[in-house]
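Chemist: Before I ask anything, here is the structure I am working with.
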Amino acid sequence: MNTHDVIVIGAGVTGLTAAWRLTQAGQDVVVLEARERVGGRLLTECHAYQDGTDGAADFEVGGQWVSPDQEALLAMIDELGLETFPRYRAGDSLYVDRAGEARRFEVDLPVAESTAAAIDQLTKTLDGLAAEMDPDRPWEHPDAVHLDSVSFRAWLEQQCDDVEACDNIALYVGPAMLTKPAHSFSALQALLMAASAGSFSNLVDADFILDRRVAGGLQSVPLALADRLGDRIRTGQDVTSVEWDEEGAVVRVGGESYRGRRVIVAVPPTVVRRIRFSPELPAEHRMAREHQSFGLVIKVQAQYDRPFWREAGLSGTGFGPYQLVHEVYDNTPADDPRGFLVGFVSDVLADEVGRLSATERRERVLASLAAYFGEAALTPATYVESDWQHQELTGGAYGTSFDLGGLTRYGAALHEPLGPIEFGSSDIAGHGFQHVDGAIRIGARIAGRILDTTKEN
Ligand code: FDA
């Protein structure tokens, strides 16, 4: 059995970044990936048109957007020689109100003046609290213990009695980001989401947070990293056990074994439990991960023969806190004459439509798109849903977050190495939390730590 300097488990962006930085520094690295492809939660799928016409279109079924604060991702895109293009946003946006009426707006939501004032006030309060937080150490926020003991929904209702204002602010962090109902995670966890994007104002500004896309899809990042790593990557290698001591570890996949001086477990915290460790993980390591869970969002995409909404002066952007599809955007690739919409069905609504047949779910989703854009939205040429929740190697979307009290109790533990083993994924990032930017930061940080200790020895 060959001994490698570092064995990386998982070829998502975290694992690939760590592997590439270590390789650049002269380390002998092997990357074991369970799937038959690299990229993890980044994937472009090609789907044939479903309306009988010849041809096919590409759909990003995982992560896709890049924002200006995501400096680690932007630097990586540059380093890999990839190009970005802006999300289409010319024209009016839409807000579908509680009565189901689609109302146009440019910047501020078309809600009652008192609701708008309440939204402004909540935004200022959240910006102030987020500014006091180091996203890499959210448990050190001056009011961390209290904020981690109250659900975000309950906290909002303590601040403000305007229900529509609370519904909208809850939407931005709950269904739209953590993809959980706002009563199921703490106010501190919500603040981490805001601080990870620089501020709450950034997080709720679609033109900021969903600014650009990568030509060819965000999956181009892991594909380009994998190209550089070449045959150091082995796909179809579902790691089942890791035997370790202070000197190193033996990683087993089916009948094969790999020995490494160091190991990086670059998989989501909830997926770590699929691997059997010997000796076992200490209780705190195990329990910390048991208090994290994936959110659930179904990303839905519809492709039409043309972007018909643009003809009506609409940007394709829409928000509807009372809609099945709570947010929707123009997702047309640069220079494509066809029209693409992307929308999201989140948390309990995703549970509800998840129980329907594929045909019924499609009808419900398209009816919700029609609430924004009218009847033309009912008949796309192609309709695609992402299905990460059905894949054991992921288990939900977009990422994982703690239950009430978990961030202060266990947040720091998720960063702790265990003998020769490091753990990481975008789920434990501070800046870029739950985003590709965070995956790059965590991957680079772990590689840096390993190189530092290698130099010391
Ligand atoms: P990731 O989960 O990608 O990688 C882990 C890898 O480990 C996987 O390849 C898995 O197969 C492998 N693995 C697991 N167990 C294993 C085992 N036992 N042995 C070997 N391999 C194993 N982000 C963003 O920046 N902008 C966006 O617009 C979005 N939007 C978005 C939409 C949707 C639908 C999803 C699902 C996600 C996003 N994201 C996003 C989030 C982003 O995709 C995510 O944060 C990163 O891709 C996570 O990268 P990681 O490498 O940390 O984990």
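The values are calculated or read from the model by the stated rules, or taken from the named source; none is laboratory data. Since we're looking at a predicted model, the values are computed, not measured. Don't worry about glycine lacking a Cβ; one is built from the backbone with ideal geometry, like all the others, and counts go over all protein chains shown. We work out accessible area using only protein heavy atoms, side chains counted, and drop any ligands, DNA or RNA first. Shrake-Rupley method; radii C 1.70, N 1.55, O 1.52, S 1.80 Å.
Chemist: So residue 325 clears everything in (1) of a type in the set (Val, Ile, Thr); (2) touching a residue at least 60 places away in the same chain (Cβ under 8 Å); (3) surrounded by 24 or more Cβ atoms within 10 Å (Cβ to Cβ) except one condition, right? Which one?
Modeler: (2)
Chemist: Six or more apart or on different chains, Cβ atoms under 6 Å: show the pairs whose first residue is in region 292-314 and open to solvent by 10 Å² or more (accessible area, probe 1.4 Å) and whose second is assigned to a loop (DSSP other than H, G, I, E, B) and of a type in the set (Val, Ile, Thr).
Modeler: 296/179; 307/332
Chemist: Give the residues of region 358-407 that are in a helix (DSSP H, G or I), touching a Leu at 6+ places or on another chain (Cβ under 8 Å), of a type outside the set (Phe, Trp, Tyr) and more than 16 Å from the ligand (Cβ to nearest atom), sorted by residue number.
Modeler: Initial filter on region 358-407 (in a helix (DSSP H, G or I)): 358-373, 375-378, 388-390, 406-407.
Filter again for touching a Leu at 6+ places or on another chain (Cβ under 8 Å), leaving 364-370, 372-373, 377-378, 389, 407.
Restricting the remaining residues to those that are of a type outside the set (Phe, Trp, Tyr) gives 364-370, 377-378, 389, 407.
Selection gives 364, 366, 367, 368, 369, 370, 377, 378, 407.
Chemist: Is it the case that some residue within region 322-333 is at pLDDT below 95 and within 21 Å of the chain's Cα centre (by Cα)?
Modeler: Yes, because at least one residue in region 322-333 is at pLDDT below 95 and within 21 Å of the chain's Cα centre (by Cα).
Chemist: Name, by its number, the condition in (1) free of Cβ contacts under 8 Å to residues at least 40 places away in the same chain; (2) touching a strand residue (DSSP E or B) at 6+ places or on another chain (Cβ under 8 Å) that does not hold for residue 107.
Modeler: Among (1) free of Cβ contacts under 8 Å to residues at least 40 places away in the same chain; (2) touching a strand residue (DSSP E or B) at 6+ places or on another chain (Cβ under 8 Å), residue 107 violates only (2).
Chemist: Inspect all residues belonging to region 205-218 and state whether any of them is under 18 Å from residue 125 (Cβ atoms) and either part of a loop (DSSP other than H, G, I, E, B) or open to solvent by 20 Å² or more (accessible area, probe 1.4 Å) (or both). Please lay out each step first, then the result.
Modeler: Step one: of region 205-218, the residues under 18 Å from residue 125 (Cβ atoms) are 205.
So of that shortlist, the ones also either part of a loop (DSSP other than H, G, I, E, B) or open to solvent by 20 Å² or more (accessible area, probe 1.4 Å) (or both) come out as 205.
Yes: one or more hits.
Chemist: What is the number of the single condition among (1) at pLDDT below 95; (2) over 23 Å from residue 168 (Cβ atoms) that residue 393 does not meet?
Modeler: Of everything listed in (1) at pLDDT below 95; (2) over 23 Å from residue 168 (Cβ atoms), residue 393 misses just condition (1).
Chemist: Among the residues of region 67-108, what is the count of those that are of a type outside the set (D, E, K, R), in a helix (DSSP H, G or I) and either open to solvent by less than 40 Å² (accessible area, probe 1.4 Å) or under 18 Å from residue 205 (Cβ atoms) (or both)? First the steps, then the outcome.
Modeler: Initially, region 67-108 is screened for residues of a type outside the set (D, E, K, R), giving 67-68, 70, 72-77, 80-82, 84-86, 88, 90-91, 93-96, 99-100, 102, 105, 107.
From what is left, the residues that are in a helix (DSSP H, G or I) are 72-77.
Within this subset, residues satisfying the condition of being either open to solvent by less than 40 Å² (accessible area, probe 1.4 Å) or under 18 Å from residue 205 (Cβ atoms) (or both) are 72-74, 76-77.
Looking only at that region, the number is 5.
Chemist: Same structure again: If a residue has to be away from the ligand (no atom under 11 Å from the Cβ), buried (at least 16 other Cβ atoms within 10 Å of the Cβ) and over 30 Å from residue 67 (Cβ atoms) to count, how many in region 227-239 make the cut?
Modeler: So the count comes out to 1.
Chemist: Select from region 109-144 the residues that are open to solvent by 40 Å² or more (accessible area, probe 1.4 Å) and part of a loop (DSSP other than H, G, I, E, B) and list them in ascending order.
Modeler: Of everything in region 109-144, those that are open to solvent by 40 Å² or more (accessible area, probe 1.4 Å) and part of a loop (DSSP other than H, G, I, E, B) turn out to be 112, 132, 134, 136, 137, 142, 143.
Chemist: With respect to residue 221, is the statement that it is within 15 Å of the ligand (Cβ to nearest atom), assigned to a helix (DSSP H, G or I) and β-branched (Val, Ile, Thr) true?
Modeler: On the way: within 15 Å of the ligand (Cβ to nearest atom): yes; assigned to a helix (DSSP H, G or I): yes; β-branched (Val, Ile, Thr): yes.
In short, yes.
Chemist: A further question on this structure: Of all the residues that make up region 423-457, how many are closer than 15 Å to residue 268 by Cβ and either more than 21 Å from the chain's Cα centre (by Cα) or outside the structural domain of residue 17 (by TED's automatic domain parsing) (or both)?
Modeler: Going through region 423-457 one residue at a time, the tally reaches 0.
Condition check ((1) closer than 21 Å to residue 288 by Cα; (2) among the acidic types (Asp, Glu); (3) open to solvent by 50 Å² or more (accessible area, probe 1.4 Å); (4) under 24 Å from the mean Cα position of the chain (by Cα)) across all residues:
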| residue | (1), (2), (3), (4) |
| --- | --- |
| 225 | no, no, no, yes |
| 241 | yes, no, no, no |
| 253 | no, no, no, no |
| 256 | no, yes, yes, no |
| 264 | yes, no, no, yes |
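Chemist: Restricting the search to region 36-55, which residues are farther than 23 Å from residue 397 by Cα and either within 11 Å of the ligand (Cβ to nearest atom) or touching a residue at least 12 places away in the same chain (Cβ under 8 Å) (or both)? Before you say what the answer is, go through the steps one by one.
Modeler: Step one: filter region 36-55 for residues farther than 23 Å from residue 397 by Cα, giving 48-55.
48, 49, 50, 51, 53, listed by residue number.
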